[in-house]
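A quick write-up on the structure given underneath.
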Amino acid sequence: MTFPITKAGRTAPFNPRDYLVPSARTFESGNYPVKTYKAENGAEHRILYGSKRTNMRLSLTYTNIADIDAELFLDHYDTVQGTFKTFDVGSVNGVSPTRGGWEGNKDALGAQTHGNNYRYEGPPQVQQLALGRSTVTVNLIGVL
Amino acid sequence: MALFTGASGKLFLNDTTENDVAGTEIAKVQNWSLSTSVSLVSTKTLGQTDDVFTPVGRSTTGSCRILYYQELPGLTSTTNSASTFLNKVFKQRDSAAGIVNGASLDQNNTDVPSKTFRLRLLIDDGTTDGKYIDMRVFITSASLSMSVGEVAAADIQFQCQGAPVKVEI
């Protein structure tokens, strides 16, 4: 099961209204595995332990989505055994709904470009706001 | 085509039973009004330029103006004057009920479990039942005003509890 990118009950061919697009997104680009030491004279020494950037954090908020769509995230969290397995946030028909609204290079927000895959950093947070409507926040982290 | 004026308007109050009955007609109603608003939440997502909404709730409120009068000198009408409404919120201390310095907030007849009472806003179209909206309400504001050159009247504002019970409009 891929990360939820289409709404519940929708089948191909998809149109833009079938995608689960976040209403807010935060991306932290992570870092290369660098270890920094301070010498006694105050000079900084840095050791690069790897050639791939990792630990990018992607926080996605889906505001006021239908409960049946909110449930997709809980199901997916269960499918990947919580924070254990990694997954691809995926795309459909060349569209990556999780990056909806981003007009820069698609790779810039991705983890795969740097050999990472996303996993859940913690459980999805579901806040029920009205009858049949919830806001879901998922926090993902890119790992090698 | 039938148009209606204030002469076709009526207001009924039922605070003695939860049964599906119109209740007592309030005799001296100067006006009533009803408005419903729908609350929306935004479902706009990244990449969309214009607001997109979905409805999540509804609120119905209304108001009416009832004349205050006495059918006989010294005798306050308890059935259809403004005092019917006023007595639901203007209450004297009721220490007998075990409420210190206070009084019951119940707006219904004490025999009825529900704390709300029932209003029917009716447009008399000449048929048996007419066109009406039945709802259970709480009075949220009541004010009695007296001024020179004007008839004493009470302005009542009410809020519907849940959806209206019956709508035939």
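The values are calculated or read from the model by the stated rules, or taken from the named source; none is laboratory data. Here the structure is a predicted model, which means the values were calculated and not measured. FYI the Cβ positions are ideal-geometry reconstructions off the backbone, even for glycines, and counts take in every protein chain you see.
Is there any pair with a first residue in segment B:137-148 that is assigned to a strand (DSSP E or B) and a second that is surrounded by 11 or more Cβ atoms within 10 Å (Cβ to Cβ) and basic (Lys, Arg) whose Cβ atoms are under 6 Å apart and which are 6 or more apart or on different chains, and what are they?
Once the first residue is assigned to a strand (DSSP E or B) and sits in segment B:137-148, its partners that are surrounded by 11 or more Cβ atoms within 10 Å (Cβ to Cβ) and basic (Lys, Arg) give B:ILE139/B:LYS88.
Scan segment A:56-82 for residues that are within 20 Å of A:ASN117 (Cβ to Cβ) and either exposed (fewer than 15 other Cβ atoms within 10 Å of the Cβ) or free of Cβ contacts under 8 Å to residues at least 40 places away in the same chain (or both) and report the count.
Restricting attention to segment A:56-82, the residues satisfying the condition of being within 20 Å of A:ASN117 (Cβ to Cβ) are A:56-60, A:72-73, A:75-82.
With the extra rule that they be either exposed (fewer than 15 other Cβ atoms within 10 Å of the Cβ) or free of Cβ contacts under 8 Å to residues at least 40 places away in the same chain (or both), the set shrinks to A:75, A:78-79, A:81-82.
Selection size over segment A:56-82: 5.
If I filter segment A:102-144 down to residues being within 12 Å of another protein chain (Cβ to nearest Cβ) and in a loop (DSSP other than H, G, I, E, B), which single residue comes out as farthest from A:ASP88 (Cα to Cα)?
Among those that are within 12 Å of another protein chain (Cβ to nearest Cβ) and in a loop (DSSP other than H, G, I, E, B), it is A:LEU131.
Looking at B:ALA2, B:ALA27, which one is over 15 Å from B:MET135 (Cβ atoms) and either in contact with an Asp or Glu (Cβ under 8 Å, 6 or more places away or on another chain) or free of Cβ contacts under 8 Å to residues at least 24 places away in the same chain (or both)? Don't jump to the end; show me each part of the working.
Numbers: B:ALA27 fails: either in contact with an Asp or Glu (Cβ under 8 Å, 6 or more places away or on another chain) or free of Cβ contacts under 8 Å to residues at least 24 places away in the same chain (or both).
So the residue among B:ALA2, B:ALA27 that is over 15 Å from B:MET135 (Cβ atoms) and either in contact with an Asp or Glu (Cβ under 8 Å, 6 or more places away or on another chain) or free of Cβ contacts under 8 Å to residues at least 24 places away in the same chain (or both) is B:ALA2.
Output the residues belonging to segment B:3-17 that are touching a strand residue (DSSP E or B) at 6+ places or on another chain (Cβ under 8 Å) and not polar (S, T, N, Q).
Filtering segment B:3-17 down to residues touching a strand residue (DSSP E or B) at 6+ places or on another chain (Cβ under 8 Å) leaves B:4, B:6, B:8-15.
Across segment B:3-17, the qualifying residues are B:PHE4, B:GLY6, B:GLY9, B:LYS10, B:LEU11, B:PHE12, B:LEU13, B:ASP15.
Which one of these is part of a strand (DSSP E or B), within 16 Å of the chain's Cα centre (by Cα) and not small (Gly, Ala, Ser): A:ARG46, A:ARG25?
On the way: A:ARG46 fails: within 16 Å of the chain's Cα centre (by Cα).
Answer to the check: A:ARG25.
Return only the number of the condition from (1) away from chain A (no Cβ under 14 Å); (2) in contact (Cβ under 8 Å) with a residue 12 or more places away in the chain; (3) farther than 21 Å from B:GLN157 by Cβ that B:PRO73 does not satisfy.
Only one criterion in (1) away from chain A (no Cβ under 14 Å); (2) in contact (Cβ under 8 Å) with a residue 12 or more places away in the chain; (3) farther than 21 Å from B:GLN157 by Cβ is unmet by B:PRO73, namely (2).
Give me a count of the residues in segment A:91-101 that are closer than 30 Å to B:VAL56 by Cβ, assigned to a loop (DSSP other than H, G, I, E, B) and away from every other protein chain (no Cβ under 14 Å). Break it down stepwise before answering.
So in segment A:91-101, the residues closer than 30 Å to B:VAL56 by Cβ come out as A:92, A:95-101.
In the following step, the residues that additionally are assigned to a loop (DSSP other than H, G, I, E, B) were identified as A:96, A:100-101.
Pick out the ones that are also away from every other protein chain (no Cβ under 14 Å) and you get none.
Residues in segment A:91-101 being closer than 30 Å to B:VAL56 by Cβ, assigned to a loop (DSSP other than H, G, I, E, B) and away from every other protein chain (no Cβ under 14 Å): 0 in total.
Let's see how each residue does on (1) modelled with pLDDT under 75; (2) surrounded by 12 or more Cβ atoms within 10 Å (Cβ to Cβ):
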{"position": "B:CYS64", "(1), (2)": "no, yes"}
{"position": "B:LEU75", "(1), (2)": "yes, no"}
{"position": "B:SER83", "(1), (2)": "no, yes"}
{"position": "B:ASN101", "(1), (2)": "no, no"}
{"position": "B:ASN109", "(1), (2)": "no, yes"}
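When you go through B:THR43, B:THR60 one by one, which is the residue that is buried (at least 16 other Cβ atoms within 10 Å of the Cβ), among the hydroxyl-bearing types (Ser, Thr, Tyr) and within 14 Å of chain A (Cβ to nearest Cβ)?
Exactly one of B:THR43, B:THR60 is buried (at least 16 other Cβ atoms within 10 Å of the Cβ), among the hydroxyl-bearing types (Ser, Thr, Tyr) and within 14 Å of chain A (Cβ to nearest Cβ), namely B:THR43.
Run down A:ALA39, A:ALA24 and say which single residue is free of Cβ contacts under 8 Å to residues at least 60 places away in the same chain and surrounded by 14 or more Cβ atoms within 10 Å (Cβ to Cβ).
Working: A:ALA39 fails: surrounded by 14 or more Cβ atoms within 10 Å (Cβ to Cβ).
Matching residue, one of A:ALA39, A:ALA24: A:ALA24.
Kindly provide the set of residues from segment A:110-127 that are among the aliphatic types (A, V, I, L, M) and over 15 Å from A:TYR32 (Cα atoms), ordered by number.
Here is the first cut: in segment A:110-127, the ones among the aliphatic types (A, V, I, L, M) are A:111, A:126.
Across segment A:110-127, the qualifying residue is only A:VAL126.
Just to verify a result, which residue in segment A:1-42, among those that are among the hydrophobic types (A, V, I, L, M, F, W, C) and closer than 23 Å to A:VAL80 by Cα, is farthest from the other protein chains (Cβ to nearest Cβ)? Lay out the reasoning, then the answer.
Just the residues of segment A:1-42 that are among the hydrophobic types (A, V, I, L, M, F, W, C), to begin with: A:1, A:3, A:5, A:8, A:12, A:14, A:20-21, A:24, A:27, A:34, A:39.
Then drop every residue that is not closer than 23 Å to A:VAL80 by Cα, which leaves A:1, A:3, A:5, A:8, A:20-21, A:27.
Details: A:MET1: 22, A:PHE3: 16, A:ILE5: 12, A:ALA8: 15, A:LEU20: 8, A:VAL21: 4, A:PHE27: 12 Å.
Only one residue fits best here, namely A:MET1.
Among the listed residues A:GLY82, A:GLY122, A:GLY110, identify the single one that is at positive phi and of a type outside the set (Ser, Thr, Tyr). So that I can check it myself, show each step before the final result.
Working: A:GLY122 fails: at positive phi; A:GLY110 fails: at positive phi.
Going through A:GLY82, A:GLY122, A:GLY110 in turn, the sole match is A:GLY82.
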